[in-house]
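Please read the structure below before turning to the comments.
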Ligand SMILES: Cc1cc2nc3c(=O)[nH]c(=O)nc-3n(C[C@H](O)[C@H](O)[C@H](O)COP(=O)(O)O)c2cc1C
C-alpha cells in the first residue's frame, strides 16, 4: 500500500470510527483547588508565552496530523489559518510522503495562509536509519518553510502494522547524528503511547530540544490500525497499550530540563490547566482539531476559542493570572485518591 493511500485511510478512519482509548489519560484523577477570593480582572489574565523564540498568544500546539493527499491539503490549510489567527504553533503530519513523491509537497505548504506561525515538520525515527535521508528531510523542511522538526517515535504503531517497520537498531545513534546534522531545532514526540522518564533522558542526551509526551488516553493508533486492517488481531490486542498522558508528563518533568508539550486526550481547557500546573509548557491536540478542520478553519477557531476560555476560567478559579504563576504549581492541584 502506498503512503498516500495510508494517509487517506488514516484521515477517513479517524473521522468515521471511534479511535479513542477506553482508558483515560489520568488527568481526571487530579483536581484543581477552588479559590473563592481573587483580586484581579478576568480580562487581565495573560496566557501569552514564548516557544523557540516565537511569541504565542496561547500555550497551544496543533499536533502533527496530516500531509500527502488532497484532503490533507484542505485540512492543513484550515488548521494553519486558525493557527495564524490565534497565534499558536502548528506541526504537519509525517513528511515521508512528500519525500517519496515531490508532487505531494503542496499538501503540507501553509505559508500562504500562515506566514507568521511557528510551523514544525515531522518525520518518523525509522527514516533516520539511512543517513542519505538526512538531506532529503532537510530539503522537505525547506520546501514547507518549517522552523524545526519533530521526530516521532511510534514503535507500537509500526509493530502492529502488517507492513510496519521492525528494525530499530542503532536508532539512538541515528537520532544523535540527525540532530547534529540539522541547523534547525529537532523536537521529539510520541503518537499517543507516552514517553517515560528514561526515554526522555535518552532523548535529551541525543540533543532533542523539546518533547511532546503524547501519552495514552486520547487517540489510540493501535486501535486505528485495527480498523485499517480488519483482520489485524495484533493491533486489536494492543489497542489499549500505552502510558497515560498524565503519568508520562510527570515522569518526564522530573527526568529532564527540556520544554515539555503535554498531549493525548487533552481536549478541554480544564485538562490543559491541570497539565500546565503539572509542568507542561504547551498542550497539544490532534483528533478534535482534525474533526473541526474537516469542516472549515472557523470551526477550528471556535473550538480553540472555547478551549482558551475554559483555560482562562480555570486559571481564575485557582487564582493565577498568568502562565508563570500556573506552570508547575503544585499548590493549586491535588491528586484525588478516591
Ligand atoms: C489523522 C491523524 C494523523 C496523525 N499522523 C501523525 C503523524 O504523521 N506524525 C505524528 O507524529 N503524529 C501523528 N498523529 C498523532 C498525533 O500527533 C497525536 O500525537 C495523537 O493523535 C494523540 O493526540 P490526540 O489525543 O490529541 O489525538 C496523527 C493523529 C491523527 C488524528
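A short reminder: the numbers here are calculations on the coordinates, not readings from a lab. These numbers were taken from a predicted model, which means no experiment stands behind them. Methodologically, a virtual Cβ is constructed for each residue, glycine included, from the backbone with ideal geometry; neighbour enumeration extends over all protein chains shown.
Given the peptides 48-55, 172-179, arrange them by the average over their residues of other C-beta atoms within 10 Å, most packed first.
Numbers: 48-55: 14.4, 172-179: 18.1.
Packing proxy ranking, top to bottom: 172-179, 48-55.
Quick one: give the max-minus-min coordinate of the C-alpha atoms of region 293-338 along each principal axis, largest first, in Å.
40, 29, 16
I'd like the FRET efficiency for residue 170 and residue 294, computed as 1/(1 + (r/R0)^6) with the beta carbon distance as r and R0 of 35 Å, rounded to 0.05. Display every interim value, and only then the final one.
Numbers: r = 39 Å, r/R0 = 1.11.
That pair, residue 170 with residue 294, gives E of 0.35.
Based on C-alpha coordinates, I'd like the Rg and Dmax of region 175-261, in Å.
Rg and Dmax of region 175-261, Cα atoms, are 14.7, 43 Å.
Rounded to the nearest 500 deg cm²/dmol, what is the calculated helix-only ellipticity per residue at 222 nm for the chain, with -39500 (n - 2.57) per DSSP H run of length n ≥ 4? Display every interim value, and only then the final one.
Numbers: 14 runs with 141 residues, N = 338.
Only helices count here, giving -12500 deg cm²/dmol.
GNM on the chain, C-alpha springs below 10 Å: top fluctuator among 188, 233, 107?
233
Under the √(5λ) rule applied to the eigenvalues of the Cα gyration tensor, what semi-axes describe the equivalent ellipsoid of region 202-338? Give them in Å, descending.
27, 21, 15
In Å, what is the Rg of the alpha-carbon atoms in region 266-319, and how long is Dmax?
Calculated on Cα positions, Rg and Dmax stand at 11.8, 37 Å.
Report the full-extension gain for the segment residue 306 to residue 40: residue separation times 0.36 nm, less the Cα-Cα distance, to one decimal in nm.
Values: separation 266, 0.36 × 266 = 95.76 nm, distance 2.12 nm.
Full extension from residue 306 to residue 40 adds 93.6 nm.
Once you have the Cα-Cα distance between residue 325 and residue 31, take 0.36 nm times their residue separation minus that, and quote the gain in nm to one decimal.
Details: separation 294, 0.36 × 294 = 105.84 nm, distance 1.72 nm.
Taking 0.36 nm per residue and subtracting the Cα distance, the gain is 104.1 nm.
Considering Cα pairs under 8 angstrom that are at least six residues apart, work out the relative contact order of region 166-287 and quote it in whole percent. Let's see the in-between values first.
On the way: 219 pairs, mean separation 31.2, N = 122.
Once divided by the residue count of region 166-287, the mean separation gives 26 percent.
Helix 70-86: angle to the longest alpha-carbon principal axis of the chain, degrees 0 to 90, nearest 10?
Computed tilt is about 30 degrees.
Kirkwood hydrodynamic radius of the chain from all distinct Cα pairs, in Å?
Its Kirkwood hydrodynamic radius stands at 20.0 Å.
So what's Rg/Rh here for region 1-144, counting alpha carbon atoms and using the Kirkwood radius for Rh? It would help to have the intermediate numbers written out before the result.
Details: Rg = 18.7 Å, Rh = 17.6 Å.
The Rg/Rh ratio comes out at 1.06.
What nm value, rounded to one decimal, do you get for the distance between residue 12 and residue 198 when each label is placed 7 Å out toward the C-beta?
If labels sit at residue 12 and residue 198, their model points lie 4.0 nm apart.
In nm, what is the difference between 0.36 nm times the number of residues separating residue 111 and residue 132 and their Cα-Cα distance?
Details: separation 21, 0.36 × 21 = 7.56 nm, distance 2.74 nm.
Here the answer is 4.8 nm.
Return a whole-number percent for the relative contact order of the chain, with Cα pairs under 8 Å and 6 or more residues apart as the contact set. Walk me through the numbers before you get to the answer.
Numbers: 710 pairs, mean separation 77.3, N = 338.
Relative contact order for the chain comes out at 23 percent.
Between residue 22 and residue 240, what is the label-point separation in nm under the 7 Å Cα-to-beta-carbon projection?
For the pair residue 240/residue 22, the computed spacing is 0.5 nm.
Residue 163 versus residue 142, label points 7 Å from Cα toward the beta carbon: distance in nm?
3.0 nm
For region 132-187, what class follows from the C-alpha gyration tensor (a ≥ b ≥ c being the square roots of its eigenvalues): rounded when a/c is under 1.5, otherwise prolate if a/b is larger than b/c, else oblate? Intermediate results must be reported in sequence, preceding the final value.
Values: a/c = 2.26, a/b = 1.69, b/c = 1.34.
Prolate.
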